[in-house]
Amino acid sequence: MRIQYLGHASLSIEANGKHIIVDPFITPNELASHIDFESLEADYIVITHAHQDHVYDVEALAKRTGAKIISNAEIASYYGAKGFEAHGMNTGGKFSFEFGSIQSTIAFHSSSFADGTYGGDPNGYIIESEGKRVYIAGDTALTYEMKLIPDTIGQLDLAILPIGDNFTMGAKSASIAAEFVQATKVLGYHYDTFPPIKIDKSEAKSIFFNRNIQLVLLDIGEDLAV
Ligand code: NI
Ligand code: MN
């Protein structure tokens, strides 16, 4: 799998020749102004929860690409009612798609659309493809449920964790989350976009380093092979 960081909590994942965009919030993000939104490819759009900083670009992207939306039942119904193709899941469920499988995980957060519409429970996702397993935590607090992941799902090749604090885990909690899921390599996301989540990157890296975990922080547009 190839994972490109598109800023904030937005990712572009290439898996088995398919393109998956996670939580597209690109056009309003000044830090991502060099990303050409109109040229992004998407066969699937995966959404962790309904907050604006995760769904802002969903409709424009789905309209242009015809991508299938994968999310919880409430978010899938919301976009389904607007005429988009959507696949609803719920916490704990796993399903196979053309690129591989996705399993929905517990995330401890909230989830509502900008207009107040209920967005169901927030989720993380575990994507399995090309013999690799990647955990995308979504917006979440540190939660003991994360300990279930290595025992019940298996060893992770990469954990993608929020580290910006205020709305989600900060680096310290995220480094404990990495231990809970037994990840030795973490891609940090959900930081620097807004004033309350600006971080000291070298401090964050040393917090993880002290637990023998590698924290990778990509420039926006940069990618990582898993
Ligand atoms: Ni959120
Ligand atoms: Mn968020």
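The values are calculated or read from the model by the stated rules, or taken from the named source; none is laboratory data. All of these numbers come straight from a predicted model, not from anything done at the bench. Heads up, the Cβs are rebuilt from the backbone with ideal geometry, glycines too, and the neighbour counts pull from every protein chain shown. Just the protein is used for accessible areas: all its heavy atoms, side chains included, with ligands, DNA and RNA removed. Shrake-Rupley method; radii C 1.70, N 1.55, O 1.52, S 1.80 Å.
Looking only at residues in the range 160-175 that are among the polar types (S, T, N, Q), open to solvent by 10 Å² or more (accessible area, probe 1.4 Å) and under 18 Å from Tyr135 (Cβ atoms), which one is nearest to ligand 1 (Cβ to nearest atom)?
Once the filter is applied, the top-ranked residue is Thr168.
Against the conditions (1) open to solvent by less than 10 Å² (accessible area, probe 1.4 Å); (2) of a type outside the set (Ser, Thr, Tyr); (3) away from ligand 2 (no atom under 16 Å from the Cβ); (4) farther than 22 Å from Ala177 by Cα, where does Gly120 fall short? Just the number, please.
Tallying (1) open to solvent by less than 10 Å² (accessible area, probe 1.4 Å); (2) of a type outside the set (Ser, Thr, Tyr); (3) away from ligand 2 (no atom under 16 Å from the Cβ); (4) farther than 22 Å from Ala177 by Cα, Gly120 fails exactly one: (3).
Identify, by number, the condition in (1) without any contact (Cβ under 8 Å) to a residue 60 or more places away in the chain; (2) surrounded by 23 or more Cβ atoms within 10 Å (Cβ to Cβ) that His190 doesn't meet.
Looking at each condition in turn, His190 falls short on (1).
Among the listed residues Ala114, Ala225, identify the single one that is closer than 26 Å to Glu74 by Cα and either open to solvent by 80 Å² or more (accessible area, probe 1.4 Å) or among the aliphatic types (A, V, I, L, M) (or both).
Just a single option satisfies the conditions, and that option is Ala114.
Could you say which residue among Thr91, Thr65, Thr105 is of a type in the set (Val, Ile, Thr), free of Cβ contacts under 8 Å to residues at least 40 places away in the same chain and either buried (at least 20 other Cβ atoms within 10 Å of the Cβ) or under 18 Å from Ile13 (Cα atoms) (or both)?
The unique qualifying residue is Thr65.
Going by the structure shown, is Ala183 in a loop (DSSP other than H, G, I, E, B) and open to solvent by less than 10 Å² (accessible area, probe 1.4 Å)?
It is true that Ala183 is in a loop (DSSP other than H, G, I, E, B) and open to solvent by less than 10 Å² (accessible area, probe 1.4 Å).
Checking Tyr44 against (1) more than 16 Å from ligand 2 (Cβ to nearest atom); (2) over 26 Å from Gly120 (Cβ atoms): exactly one of these is not met. Which one?
All conditions are met except number (2).
Taking the conditions exactly as written (modelled with pLDDT of 95 or more, touching a strand residue (DSSP E or B) at 6+ places or on another chain (Cβ under 7 Å), open to solvent by less than 10 Å² (accessible area, probe 1.4 Å) and among the hydrophobic types (A, V, I, L, M, F, W, C)), does Ala178 satisfy them or not?
yes
Being open to solvent by 20 Å² or more (accessible area, probe 1.4 Å) and in a strand (DSSP E or B) is the filter here, so list the residues in the range 1-54 that pass it.
Hits for the range 1-54 are Arg2, Gln4, Glu14, Lys18, His19.
What number of residues within the range 55-78 are farther than 21 Å from Ala107 by Cα and assigned to a helix (DSSP H, G or I)?
Summing the residues that are farther than 21 Å from Ala107 by Cα and assigned to a helix (DSSP H, G or I) in the range 55-78 gives 7.
Give the range 165-187 a look and list any residue that's aromatic (Phe, Trp, Tyr) and closer than 21 Å to His8 by Cβ, or say none.
Residue satisfying the conditions is Phe167 alone.
Please list, ordered by first then second residue, the pairs with beta carbon atoms under 8 Å, 6 or more apart or interchain, first in the range 199-226 and more than 19 Å from His8 (Cβ to Cβ), second part of a helix (DSSP H, G or I) and of a type in the set (D, E, K, R).
Correct list of pairs: Ile207/Lys172; Arg211/Glu179; Ile213/Glu179.
Quick one: Val46 ticks every box in (1) within 16 Å of ligand 1 (Cβ to nearest atom); (2) more than 17 Å from Gly7 (Cα to Cα) bar one, so which box is it?
Answer for Val46: the failing condition is (2).
So which residues in the range 123-159 are more than 15 Å from ligand 1 (Cβ to nearest atom), farther than 14 Å from Phe180 by Cβ and either assigned to a loop (DSSP other than H, G, I, E, B) or not aliphatic (A, V, I, L, M) (or both)?
Glu128, Ser129, Glu130, Gly131, Lys132, Arg133, Gly154, Asp157
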